[in-house]
Amino acid sequence: MAVVIGLWPIVTLVGTLRMRRAFIRFTALIRRPMRARAWLFSTAAALAIVVVGTWLVTAPRPASSAAPAGIFDQAGDPAKGRLVFAAGDCASCHASPGQSDRLRLGGGLALASPYGTFRVPNISMDPVDGIGAWRTKDLADALLSGVSPDGAHYYPVFPYSSFAHMAVGDVIDLMAYLRTLPAVAGRAPPHDLDPIFKVRRFVGAWKLLYFSQARINPDASRDEKWNRGRYLVESVAHCAECHSTRDLFGGIKEATRFAGGPDPEGTGFDPNITPKHIGDWSEQDIADLLKTGNTPNHVRIGSSMSEVVTNTAMLPDSDRAAMASYLKSLPPRPTPKP
């Protein structure tokens, strides 16, 4: 009995230690799922913030939402709009294929790309299949911000990244001219794109990287002719859209701007139009090419550039001279490797 009594404190201590270890193991088992749940909750919350934030910053932002009230209610000048239409090369893409009338803007032209095949839309005055039901502000949203009347992003195969720099007055005049053209029934087939590129919200992320709506303000150190040429080349005529090289995401590599690049449809290489390549051409040589399609070396230009010349030939001599003045002033850049 004395031995038992003597050992009792030891037995009690051992039991207490075992109970303590068991309690620690028990609480650890409880805390483990609690920590896991806390981690899952914090991860889900962070992911939700990223998703919501991305959704907000990639939202379409129509240009008209920030424009002065009533500005798009003004009456445009169709005669001026005709020149904007020509400078913008609109007929080359939007005229219905398979017919000779360049003013029947039923669309349907197929444009191949690394992302799939795009189809050019009907922009005739048909109220159902074209843009006959559009207001001027709808055209402004399309050209200046790449946003459709129903609030969706347009794909940048439509060169609104250049058109975004257009003067509002030119947009108003262009709409006035478009309203004088015939309605053409028939809607273009849908785009045939790789599945991932069918999500138009991704275009909002593209715009964050490559899109700017900054206006082209006159440079006081340059003359009126040069400033007019800059506006036409950089905006309405969107020359850099073809004569540049693009990166993996379809954005222009600034180091190659106007220095040439693979044709967007993968059918050739658009030439370098900086002084590095055409530096021995005079301004008059460039202006003549934009009117006749003939180079100073007596070579006839072809491919899609022949369509461009069909349009630039409709411009006044002063506009072609202005474009030539600006092109001659570009920084010389080496032609990128195909």
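Within the range 220-230, does at least one residue satisfy the condition of being under 22 Å from the mean Cα position of the chain (by Cα), surrounded by 15 or more Cβ atoms within 10 Å (Cβ to Cβ), of a type outside the set (Ser, Thr, Tyr) and modelled with pLDDT of 95 or more?
Yes; the residues of the range 220-230 include at least one that is under 22 Å from the mean Cα position of the chain (by Cα), surrounded by 15 or more Cβ atoms within 10 Å (Cβ to Cβ), of a type outside the set (Ser, Thr, Tyr) and modelled with pLDDT of 95 or more.
Does ARG187 fit the bill of being touching a helix residue (DSSP H, G or I) at 6+ places or on another chain (Cβ under 8 Å) and either in a loop (DSSP other than H, G, I, E, B) or open to solvent by 50 Å² or more (accessible area, probe 1.4 Å) (or both)?
no
Can LEU181 be described as aliphatic (A, V, I, L, M) and farther than 21 Å from ALA63 by Cβ?
Yes.
Among GLY151, GLY169, which is the only one that is open to solvent by 20 Å² or more (accessible area, probe 1.4 Å) and over 21 Å from the mean Cα position of the chain (by Cα)?
Going through GLY151, GLY169 in turn, just one is open to solvent by 20 Å² or more (accessible area, probe 1.4 Å) and over 21 Å from the mean Cα position of the chain (by Cα): GLY169.
What residue, of THR245, THR267, THR292, is surrounded by fewer than 15 Cβ atoms within 10 Å (Cβ to Cβ) and in contact (Cβ under 8 Å) with a residue 24 or more places away in the chain?
THR267
Here is a check on your reading of the model: is ALA110 touching an Asp or Glu at 6+ places or on another chain (Cβ under 9 Å), free of Cβ contacts under 8 Å to residues at least 24 places away in the same chain and either surrounded by fewer than 16 Cβ atoms within 10 Å (Cβ to Cβ) or among the β-branched types (Val, Ile, Thr) (or both)? It would help to see each step written out before you state the result.
Values: touching an Asp or Glu at 6+ places or on another chain (Cβ under 9 Å): yes; free of Cβ contacts under 8 Å to residues at least 24 places away in the same chain: yes; either surrounded by fewer than 16 Cβ atoms within 10 Å (Cβ to Cβ) or among the β-branched types (Val, Ile, Thr) (or both): yes.
Here the answer is yes, as ALA110 does meet what is asked.
Within the range 165-188, can you find the residues that are out of contact with any Pro (no Cβ under 6 Å at 6 or more places or on another chain) and β-branched (Val, Ile, Thr)?
Restricting attention to the range 165-188, the residues satisfying the condition of being out of contact with any Pro (no Cβ under 6 Å at 6 or more places or on another chain) are 165-175, 178-179, 181-187.
Across the range 165-188, the qualifying residues are VAL168, VAL171, ILE172, VAL184.
Does LEU248 satisfy being assigned to a helix (DSSP H, G or I) and either out of contact with any Leu (no Cβ under 7 Å at 6 or more places or on another chain) or not aliphatic (A, V, I, L, M) (or both)?
no
The values are calculated or read from the model by the stated rules, or taken from the named source; none is laboratory data. Please read all numbers here as calculations on a predicted model, not as lab measurements. Every residue, glycine among them, receives a Cβ derived from its backbone with ideal geometry; neighbour counts consider all protein chains shown. Keep in mind that these areas ignore ligands, DNA and RNA; they rest on the heavy atoms of the full protein, side chains included. Shrake-Rupley method; radii C 1.70, N 1.55, O 1.52, S 1.80 Å.
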